[in-house]
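Student: Structure in structure tokens, see below.
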Amino acid sequence: MSKEAMAVSEDAVSGNMIYQPILKNGVFRFDCSAEDRLAAFPSLSFKNSKDRDTPITGHEVPSYTPIFECLMGQQIVKLELPAGTSFYGTGEVSGQLERSGKRVFTWNTDAWGYGPGTTSLYQSHPWVLAVLPNGESLGVLADTTRRCEIDLRNESKIQFIAPSSYPIITFGPFDTPAAVLKCLSDAIGTIFMPPKWSLGYHQCRWSYDSEKRVREIARIFREKSIPCDVLWMDIDYMEGFRCFTFDKERFPDPKSLVRDLHQNGFKAIWMLDPGIKYEEGFSVYDSGSKNDVWIQQADGRPFVGEVWPGPCVFPDYTQAKVRSWWANLVEDFVSNGVDGIWNDMNEPAVFKSVTKTMPESNIHHGDDELGGCQNHSHYHNAYGTLMARSTYEGMKLANANKRPFVLTRAGFIGSQRYAATWTGDNLSNWEHLHMSISMVIQLGLSGQSLAGPDIGGFAGNATPKLFGRWFAVGAMFPFCRGHSESGTIDHEPWSFGEECEEVCRLALKRRYRLMPHIYTLFYLAYTTSIPVATPTFFADPKDPSLRTVENSFLLGPVLVCASTTPDKRIDELNHVLPQGIWLRFDFNDSHPDLPTLYLKGGSIVPLGPSHQHTGEANLSDDLTLLVALDEYGKANGILFEDDGDGYEFTNGGYLLTHYIAELQASVITVRVLKTEGLWERPKRRLHVQILLGEGALLDAWGMDGEVLQILMPAEDEVSKLVSMSEKLYHARLESAKQIPEVEDVSGHKGGQLSRSPIELKSGEWALKVVPWIGGRIISMMHLPSGTQWLHSRVEVDGYEEFSGTEYRSAGCTEQYNVIERDLEHAGEEESLSLEGDIGGGLVLARQISIPKDNPKVFQINSCIIARKVGAGSGGFSRLVCLRVHPMFALLHPTETYISFNSIDGSKHEVWPESGEQFYEGDLLPNGEWMLIDKCLGLALVNRFNVTEVGKCLIHWGTGTVNLELWSENRPVSKESPLRISHEYEVRAIA
């Protein structure tokens, strides 16, 4: 270690972090001091905690060294990178693909109905992938299970804030982001190798509530020849929601049900939650109590919290004896014919709690290798992973010759070793369709390749076009499952009419054609950590124009380009293609709602038949190779084959074939370059399809394993084939049966959507409101002075509210409904009521009024109301903050300031040079503040109910200022809305 690295004293509260090389070249561990290094908790992210704690011999020094500051029990770590660096990763997050400018909090949360800026979801990955301007990449891991803030809002700077102390691990910089992810997997492990059946299509709904309904769904899939491999059972299969039980009336014979499903080509997956009913006489509860497995309160008694069965206790998976107890329960459960297990509610979610989880003061008696006895705040983020690990181990106990399949909602970085995941309780809207691509990619960039969304959206009702479009792209995700909430309309592939059904059928047939390729990608993810789905910029990390592309992604060398907006067909988009040769292909199934597929030049992709798992006869075992030659006339690719289950592949029981194609003197030669594994090559025909451009193909047949030679046509013949193929492609697009446009704008009952600005004019004020863009007030004219106070155009700025501290959920593109309009001439005060749906069962409501008894003012009463929140949330919404956000114009910027008296009696004058300022606590304005223009001799007075306001924000811009009122930040229920009541008046000043 260098002298400079050791220069920081052990009791330092700030400075450069000290480092040690660990694991392999290019990986460094940073700590605040040598004392902190020794005191660090064991790693729950590393597959082997000792790897993090064991230095290696090396003379390398890190390219970038973090600095730290320890303040009030928090360790703040900052790492500055070159300007132009792009940030990714941060795990399961909503919003944009590139994370630059965002802030995330790692705290596993039941986030039913989350929005694009929700800062905590179901999983925690304190990890950032930084792509430098030259394409080199660096990974940074804050190795702490505690609540951690990842702040990427400052350009090219990473900041972590979490309770002291924790190490920082850096990976790289390496030449490519893929190299960083390979190195990360050496630390945290790769994904488990999934059974091949789990890569097919999964059909789920909360809830297929009887054996009869499950059989009906299975029958319709086969009758309609729609591919499907797996049916799922949600909590309604249980007796009174008690885990490890079956309802005797609705699911009287699960073994028989599963046996019949197996005969029809289906697997069955069943849900298990961590909450065990607190009920003496219930065998699982009695067994757990006997073995002392429950999480305890601070006073030593078992913690009891409300979940689906009512009062529940929760296993303490931080103890090996508890994981073993759970695994034995799972082993017995699997004997009922269970093929896979779904771990839900394992953040852990607790009903009737504002925090939506258990108290942080609860006690876990963790094993020493996990960190020992700690309170819940230490183990909260790891709880879901430890449950998934226990479930995985139980399935292995049940049958060591089969690969377990576990799906978990909650997880921590490293959970991919035990379970797949999905993106939680999303919404049936276009925004969530678009986000689903970025969310799946981010999970892959954080180690979790086996991921996908609830296709079609979980909460709310999809429309036919939304559902078809989502199915079309969702069929290309690594994990492919349709799922919807109880109480919504049916969301099966046939539920939205014949046109939508056909799009779903074509999309799934595409997936099954690509199944040999997808399975090979999972083998590579398991062995080399390369994510199955990667962002488009992986094709050329040096190209900055690709770094924000969000409507396409890569499956190996296959580029999937989708349309995620309702008003654009796929053929109306200009696809952003990386440099090089990219050849379009399809399966003669082109449709405006299906993604466009491209194959990178120089690649060979193996294809299978499209009729798998549809009930059709298996007519052929042919293998198809799709070939795209590069500019040098070469291509290569691989195919991994094994039994599709079990572990024989780890002992050589597989066949990995490397194919190569070469063009020489107008002859294309396709052959096997080399093979690995002990499997014999099946005797099968080989169908080779050479892509010529615009979907044109050159077909040839031979036997797999033999050399196949194909004569390349002359250039003019190739041109004719390409031209003909392009015409056929466009003809198919134009003749395709379109999914009907049924895009209803849903609003509160009795509401209507206004497409015209609404004017309120009374007393001293004239206001203009545009409901169709966030319900914003775009004009706030004070009539006596002729002053327009708002800085606004129709499309941006003005006055609006947000439902979060730093993002727009009800923002300038979302629609509000006019609920009520009272006119002055009708004998009432001039008023207007608006509502905007902000997702997750919440609405942002506003009433604007100009009272007849005081025409000098106008009043705004704003609130976030829970119309409906998911049953799984226990009646509380996600974390929200009502943020009143007006942007005022400064006619005389150098002569304008803000004046107020604080609650503590202190007086304040705030001028533009002060930048951004927060005021809270005793410094909060005491119910009034003024924007004063000295040249005009006027003050805009804003009075508010101080009991409803938690913070005030002043933000000066170029010729503008925001005077914001913020409520407290908390979940809401129907009984506990957030409100801010305030009013404006113009007053003359001396």
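Student: Of the residues that sit in the range 555-584 and are of a type in the set (A, V, I, L, M, F, W, C) and open to solvent by 10 Å² or more (accessible area, probe 1.4 Å), which one is farthest from His434 (Cα to Cα)?
Tutor: Among those that are of a type in the set (A, V, I, L, M, F, W, C) and open to solvent by 10 Å² or more (accessible area, probe 1.4 Å), it is Ile581.
Student: Can you find, within the range 670-688, the residue that is farthest from Leu721 (Cα to Cα) among those that are part of a strand (DSSP E or B) and either among the charged types (D, E, K, R) or open to solvent by 30 Å² or more (accessible area, probe 1.4 Å) (or both)?
Tutor: Only one residue tops the list, namely Glu676.
Student: If you don't mind, there's one more thing I want to ask. Quick one: which residue in Ser446, Ser415, Ser428, Ser436 is touching a His at 6+ places or on another chain (Cβ under 6 Å) and of a type outside the set (A, V, I, L, M, F, W, C)?
Tutor: Ser446
So that you can scan it fast, the table gives a plain yes or no per residue for (1) among the polar types (S, T, N, Q); (2) free of Cβ contacts under 8 Å to residues at least 60 places away in the same chain:
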{"position": "Trp430", "(1), (2)": "no, no"}
{"position": "Met439", "(1), (2)": "no, no"}
{"position": "Gly457", "(1), (2)": "no, yes"}
{"position": "Ser484", "(1), (2)": "yes, no"}
{"position": "Cys500", "(1), (2)": "no, no"}
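Student: Please list, ordered by first then second residue, the pairs with beta carbon atoms under 7 Å, 6 or more apart or interchain, first in the range 198-225 and in contact (Cβ under 8 Å) with a residue 60 or more places away in the chain and among the basic types (Lys, Arg), second in a loop (DSSP other than H, G, I, E, B) and buried (at least 21 other Cβ atoms within 10 Å of the Cβ).
Tutor: From residues that are in contact (Cβ under 8 Å) with a residue 60 or more places away in the chain and among the basic types (Lys, Arg), the pairs are Arg205/His483; Arg205/Ser484; Arg205/His491.
Student: Just checking, does the range 757-775 include any residue being of a type in the set (D, E, K, R), at pLDDT 90 or above and part of a loop (DSSP other than H, G, I, E, B)?
Tutor: yes
Student: Go through the range 226-244 and give me each residue that's touching a helix residue (DSSP H, G or I) at 6+ places or on another chain (Cβ under 7 Å) and not in a strand (DSSP E or B).
Tutor: Within the range 226-244, Ile226, Pro227, Cys228, Asp229, Phe241, Cys243, Phe244 qualify.
Table: residues versus (1) within 24 Å of Lys182 (Cβ to Cβ); (2) in contact with a Gly (Cβ under 8 Å, 6 or more places away or on another chain); (3) not assigned by the TED database to the domain that holds Ile158.
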| site | (1), (2), (3) |
| --- | --- |
| Ile22 | yes, no, no |
| Arg29 | yes, no, no |
| Arg37 | no, no, no |
| Lys47 | yes, yes, no |
| Thr65 | yes, no, no |
| Leu71 | no, no, no |
| Leu79 | yes, no, no |
| Glu98 | yes, no, no |
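Student: Mind checking which residues of the range 62-81 are modelled with pLDDT under 95 and assigned to a loop (DSSP other than H, G, I, E, B)?
Tutor: Matches in the range 62-81: Met72, Gly73.
Student: Name every residue in the range 415-450 that is at pLDDT below 95 and hydroxyl-bearing (Ser, Thr, Tyr), in order of residue number.
Tutor: Within the range 415-450, just Ser428 meets the criteria.
Student: Can you pull out the residues in the range 317-339 that are more than 14 Å from Ala400 (Cα to Cα) and not in a helix (DSSP H, G or I)?
Tutor: Tyr317, Thr318, Gln319, Asn336, Gly337, Val338
Student: Taking strands (runs of 3 or more DSSP E) that do not extend beyond the range 887-990, which have at least 2 residues that are of a type in the set (Gly, Ala, Ser)?
Tutor: Values: elements: 896-901, 907-910, 916-920, 928-933, 938-944, 951-956, 960-970, 978-988.
Passing ranges, in order: 978-988.
Student: Condition first: crowded, with 20+ Cβ neighbours inside 10 Å, out of contact with any Pro (no Cβ under 6 Å at 6 or more places or on another chain) and part of a strand (DSSP E or B). Can you find one or more residues in the range 92-106 that meet it?
Tutor: Looking for residues that are crowded, with 20+ Cβ neighbours inside 10 Å, out of contact with any Pro (no Cβ under 6 Å at 6 or more places or on another chain) and part of a strand (DSSP E or B), one finds at least one in the range 92-106, hence yes.
Student: While we're on this one: Cβ contacts < 8 Å: first residue in contact (Cβ under 8 Å) with a residue 24 or more places away in the chain, restricted to the range 979-990; second residue among the small types (Gly, Ala, Ser) and open to solvent by 20 Å² or more (accessible area, probe 1.4 Å), any location; separation 6+ or different chain. Result?
Tutor: Close Cβ pairs (under 8 Å, with a partner that is among the small types (Gly, Ala, Ser) and open to solvent by 20 Å² or more (accessible area, probe 1.4 Å)) amount to Val986/Ser785.
Student: Restricting the search to the range 555-597, which residues are part of a strand (DSSP E or B) and of a type in the set (Val, Ile, Thr)?
Tutor: Val558, Val560, Thr596
Student: For the range 229-241, which positions are out of contact with any Phe, Trp or Tyr (no Cβ under 6 Å at 6 or more places or on another chain) and on the phi < 0 side of the Ramachandran plot?
Tutor: Matches in the range 229-241: Val230, Trp232, Asp236, Met238, Glu239.
Student: Turning to a different aspect of this structure: Any idea which residue in the range 522-554 is surrounded by the most Cβ atoms within 10 Å (Cβ to Cβ), counting only those that are in a loop (DSSP other than H, G, I, E, B) and of a type in the set (Ser, Thr, Tyr)?
Tutor: Across the range 522-554, the extreme among qualifying residues is Ser529.
Student: Taking only the range 34-61 into account, find how many residues are without any contact (Cβ under 8 Å) to a residue 60 or more places away in the chain, open to solvent by less than 40 Å² (accessible area, probe 1.4 Å) and part of a loop (DSSP other than H, G, I, E, B).
Tutor: Number satisfying all stated conditions: 1.
Student: Collect the residues in the range 762-777 that are of a type in the set (A, V, I, L, M, F, W, C), free of Cβ contacts under 8 Å to residues at least 40 places away in the same chain and buried (at least 22 other Cβ atoms within 10 Å of the Cβ), keeping them in residue-number order.
Tutor: Answer for the range 762-777, where residues must be of a type in the set (A, V, I, L, M, F, W, C), free of Cβ contacts under 8 Å to residues at least 40 places away in the same chain and buried (at least 22 other Cβ atoms within 10 Å of the Cβ): just Val770.
Student: Further, regarding this structure: If we scan the range 625-634, do we find a residue that is outside any strand (DSSP E or B), assigned by the TED database to the domain that holds Glu676 and under 22 Å from Pro478 (Cα atoms)?
Tutor: No, the conditions are met nowhere in the range 625-634.
Student: Residue check: is Ile217 on the phi < 0 side of the Ramachandran plot, surrounded by fewer than 24 Cβ atoms within 10 Å (Cβ to Cβ) and modelled with pLDDT of 95 or more?
Tutor: On the way: on the phi < 0 side of the Ramachandran plot: yes; surrounded by fewer than 24 Cβ atoms within 10 Å (Cβ to Cβ): yes; modelled with pLDDT of 95 or more: yes.
Here the answer is yes, as Ile217 does meet what is asked.
Student: Condition (residue is at pLDDT 95 or above and either closer than 22 Å to Gly870 by Cβ or assigned by the TED database to the domain that holds Gly841 (or both)) applied to the range 497-505: is it met by at least one residue?
Tutor: No, the range 497-505 has no match at all.
Student: Right, another one. Here is a check on your reading of the model: is Leu844 assigned to a loop (DSSP other than H, G, I, E, B) and aliphatic (A, V, I, L, M)?
Tutor: no
Student: Which one of Ser862, Ser877 is within 18 Å of Tyr799 (Cβ to Cβ) and of a type in the set (Gly, Ala, Ser)?
Tutor: Result: Ser862 is the single residue among Ser862, Ser877 that is within 18 Å of Tyr799 (Cβ to Cβ) and of a type in the set (Gly, Ala, Ser).
Student: State which residue pairs qualify: first residue in the same structural domain as Cys881 (by the TED database) and inside the range 942-960, second residue at pLDDT below 90 and exposed (fewer than 15 other Cβ atoms within 10 Å of the Cβ) in any location, beta carbons under 6 Å apart, and separation of 6 or more residues or different chains.
Tutor: His955/Glu916
The values are calculated or read from the model by the stated rules, or taken from the named source; none is laboratory data. Predicted model only: the values in this text are computed from it and were never measured. Neighbour counts are summed over all protein chains in view; Cβ atoms, including those assigned to glycine, are modelled from backbone coordinates with ideal geometry. We work out accessible area using only protein heavy atoms, side chains counted, and drop any ligands, DNA or RNA first. Shrake-Rupley method; radii C 1.70, N 1.55, O 1.52, S 1.80 Å.
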